[in-house]
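For reference, the structure discussed in these notes is given below.
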Amino acid sequence: METVLRDAAAASRGAPLRALTVRVGPLSGVVVDSLRFAFESLAPGGPAEGARLVVEETKPAFRCPDCGTLYETPVGDYHCPACDSVRGELVAGNEMELLSIEV
Amino acid sequence: MCESCGCGETNPHLHEHGHGHDHAHGHDHGHDHGHGHVIPVRSSALALNQRLADQNRGWFRAKGWTVYNLLSSPGSGKTALLERTLAAVPGSAALVGDLQTERDADRLRASGAPAVQITTGETCHLDAHMVAHALDKLPADGIRRLFIENVGNLVCPASFDLGEKVRVVLLSVTEGEDKPLKYPVIFREADLVLVTKTDLAAAVGFDRDAALANIRQVAPRAAILDVSAKTGAGLDAWYRWIEAPAS
């Protein structure tokens, strides 16, 4: 969250922020509730004080190298629904990124 | 992480930020109108770690080292396994992460191999930056394999690439067969899952079939080996795997 706030402040050039939008994937290891708690703890005193934190949550998504299928799965089940391959390459689900700010 | 140590010299890119935006803000507009002005940023919070991990990876490749990141909960037998491994596998060295104390590095150095402790203070995982610093303390020659014993934790270390070639996740029989289902993220990228402390399996009623099924569900690509660092059972297969990690 420190990195997010620093990047947001840099993007706004220190101007007060109305909102920050972050994208969080379930494979990132980031717990959204903890992220919100960190935001509320760290935002006061900086440009993000009083800003809204908008969290976009993604699902794990894979591209199957064997049959080309693009599929989403719940965490803990990574099989390709078309061919049952387990070699899927992750294309989404591990994000922890600041998407945008609103000033 | 980098703010506290001022180490910009060893890692020239350390103080760059991850965002690549350069939005034009030349137009004048008031900030008191009803709706806000949205500025795209797209910066990853882990971009810095990723860059340093890639830097580490390049360094390992240049040195010809194979690097193993060992992950598990506290007390699952990482250090005991490495004590035997460092003594048995020539050209081995270790970095070991803990919040406090040099105890593990002291134990590992008794094997005769180089070992460097990384004390993280309050931090519950190793990151690529800590590893980069610790590398300076290892001897320049004679190392072919580096084992990085991560901080005991099944959550946060999963997110931090250290530049390793392979990930090894340990699951001790005393932890219960369902740990992989409870902590699927860390198991997902495992190249190998080591079931450890198998000498205690009977005493704790370990259901091996259930454990293997759970591991295969959340770590479908991982090889699985059973070991006991105490009796030595299974260690030869582990040493063979080290020689040719399937990754």
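Among the residues of region A:1-29, count how many are in a helix (DSSP H, G or I) and at the interface with chain B (Cβ under 8 Å from one of its Cβ atoms). Give the steps one after another, and end with the answer.
Looking only at region A:1-29, we keep the residues that are in a helix (DSSP H, G or I), and these are A:2-12.
After this cut, where a residue has to be at the interface with chain B (Cβ under 8 Å from one of its Cβ atoms) as well, the list is A:3-4, A:6-8, A:10-12.
The qualifying residues number 8.
In region A:30-52, which residue that is surrounded by fewer than 21 Cβ atoms within 10 Å (Cβ to Cβ) and within 12 Å of the chain's Cα centre (by Cα) is farthest from B:Glu189 (Cα to Cα)? Walk me through how you get there before you give the answer.
Going through region A:30-52, the residues surrounded by fewer than 21 Cβ atoms within 10 Å (Cβ to Cβ) turn out to be A:31-46, A:49-50, A:52.
Cutting the leftovers down to within 12 Å of the chain's Cα centre (by Cα) gives us A:31-32, A:35.
Details: A:Val31: 19, A:Val32: 22, A:Leu35: 23 Å.
Out of the qualifying residues, it is A:Leu35.
Looking at region B:40-88 only, could you name the residues that are part of a strand (DSSP E or B) and either in contact (Cβ under 8 Å) with a residue 24 or more places away in the chain or buried (at least 18 other Cβ atoms within 10 Å of the Cβ) (or both)?
B:Val41, B:Ser43, B:Ser44, B:Thr66, B:Val67, B:Tyr68, B:Asn69, B:Leu70, B:Leu71
Filtering region B:91-124 down to residues that are among the β-branched types (Val, Ile, Thr) and in a strand (DSSP E or B), which residue is surrounded by the fewest Cβ atoms within 10 Å (Cβ to Cβ)? Outline the logic, then answer.
Applying the first criterion (among the β-branched types (Val, Ile, Thr)) to region B:91-124 yields B:96, B:101, B:116, B:118-120, B:123.
Still in the running and in a strand (DSSP E or B): B:96, B:116, B:118-119.
Values: B:Val96: 27, B:Val116: 22, B:Ile118: 22, B:Thr119: 15.
Applying the filter and picking the extreme gives B:Thr119.
Here's a check for you: in region A:9-22, which residue that is at pLDDT below 95 and in contact with a strand residue (DSSP E or B) (Cβ under 8 Å, 6 or more places away or on another chain) is surrounded by the most Cβ atoms within 10 Å (Cβ to Cβ)?
Filtering region A:9-22 for residues that are at pLDDT below 95 and in contact with a strand residue (DSSP E or B) (Cβ under 8 Å, 6 or more places away or on another chain), the one surrounded by the most Cβ atoms within 10 Å (Cβ to Cβ) comes out as A:Ala11.
Please indicate, with yes or no, whether at least one residue in region A:30-53 is in a strand (DSSP E or B), within 13 Å of another protein chain (Cβ to nearest Cβ) and at negative phi. Explain how you work it out, then say what you get.
Going through region A:30-53, the residues in a strand (DSSP E or B) turn out to be A:52-53.
From the residues that got through so far, the ones that are within 13 Å of another protein chain (Cβ to nearest Cβ) too are A:52.
Right, trim to at negative phi and you get A:52.
Yes: region A:30-53 contains one or more residues that are in a strand (DSSP E or B), within 13 Å of another protein chain (Cβ to nearest Cβ) and at negative phi.
Condition first: within 13 Å of chain A (Cβ to nearest Cβ), crowded, with 19+ Cβ neighbours inside 10 Å, in contact with a helix residue (DSSP H, G or I) (Cβ under 7 Å, 6 or more places away or on another chain) and assigned to a helix (DSSP H, G or I). Can you find one or more residues in region B:219-237 that meet it?
no
How many residues, within region B:125-161, are among the acidic types (Asp, Glu), surrounded by fewer than 22 Cβ atoms within 10 Å (Cβ to Cβ) and more than 20 Å from B:Pro245 (Cβ to Cβ)? Steps first, answer last, please.
Going residue by residue through region B:125-161, those that are among the acidic types (Asp, Glu) are B:127, B:136, B:141, B:149, B:161.
Now narrow it down to the ones that are surrounded by fewer than 22 Cβ atoms within 10 Å (Cβ to Cβ): B:136, B:141, B:161.
This time we only want the ones that are more than 20 Å from B:Pro245 (Cβ to Cβ), so: B:136, B:141.
Of the residues in region B:125-161, 2 are among the acidic types (Asp, Glu), surrounded by fewer than 22 Cβ atoms within 10 Å (Cβ to Cβ) and more than 20 Å from B:Pro245 (Cβ to Cβ).
I'd like the residue in region B:157-181 that is without any contact (Cβ under 8 Å) to a residue 40 or more places away in the chain and either assigned to a loop (DSSP other than H, G, I, E, B) or under 10 Å from the mean Cα position of the chain (by Cα) (or both) and, out of all such residues, is nearest to the other protein chains (Cβ to nearest Cβ).
B:Asp178
Condition check: on the phi > 0 side of the Ramachandran plot and at pLDDT 95 or above. Does B:Gly163 satisfy that? I'd like the intermediate steps shown before the answer.
Details: on the phi > 0 side of the Ramachandran plot: yes; at pLDDT 95 or above: yes.
So B:Gly163 fits the description; yes.
Can you tell me which residues in region A:68-80 are in a loop (DSSP other than H, G, I, E, B) and surrounded by fewer than 14 Cβ atoms within 10 Å (Cβ to Cβ)? So that I can check it myself, show each step before the final result.
Kept after step one, since they are in a loop (DSSP other than H, G, I, E, B), are these residues of region A:68-80: A:68-69, A:73-80.
Scanning region A:68-80 gives A:Gly68, A:Pro74, A:Asp77.
Restricting attention to region A:85-103, which residues are surrounded by fewer than 21 Cβ atoms within 10 Å (Cβ to Cβ) and either more than 10 Å from chain B (Cβ to nearest Cβ) or under 20 Å from A:Pro47 (Cα atoms) (or both)?
Hits for region A:85-103 are A:Glu89, A:Val91, A:Ala92, A:Leu99, A:Ser100, A:Glu102, A:Val103.
Enumerate the pairs (first residue in region A:60-80 and at positive phi; second residue anywhere and among the aliphatic types (A, V, I, L, M) and not in a loop (DSSP other than H, G, I, E, B)) with beta-carbon separation below 9 Å, excluding pairs fewer than 6 apart on the same chain, so at least 6 apart or on different chains.
Going by the 9 Å Cβ cut-off, the qualifying pairs are A:Gly76/B:Leu181; A:Gly76/B:Val185; A:Gly76/B:Val218.
I need the full set of residues from region B:185-214 which are in a helix (DSSP H, G or I), surrounded by fewer than 23 Cβ atoms within 10 Å (Cβ to Cβ) and not polar (S, T, N, Q), in order please.
If the condition is that a residue be in a helix (DSSP H, G or I), surrounded by fewer than 23 Cβ atoms within 10 Å (Cβ to Cβ) and not polar (S, T, N, Q), then B:Val185, B:Asp199, B:Leu200, B:Ala201, B:Ala202, B:Ala203, B:Val204, B:Arg208, B:Asp209, B:Ala210, B:Leu212, B:Ala213 are the ones that fit.
The values are calculated or read from the model by the stated rules, or taken from the named source; none is laboratory data. Since the model is a prediction, treat every value here as computed from it, not as a measurement. All Cβ positions, glycine included, derive from the backbone under ideal geometry; neighbour counts span all protein chains shown.
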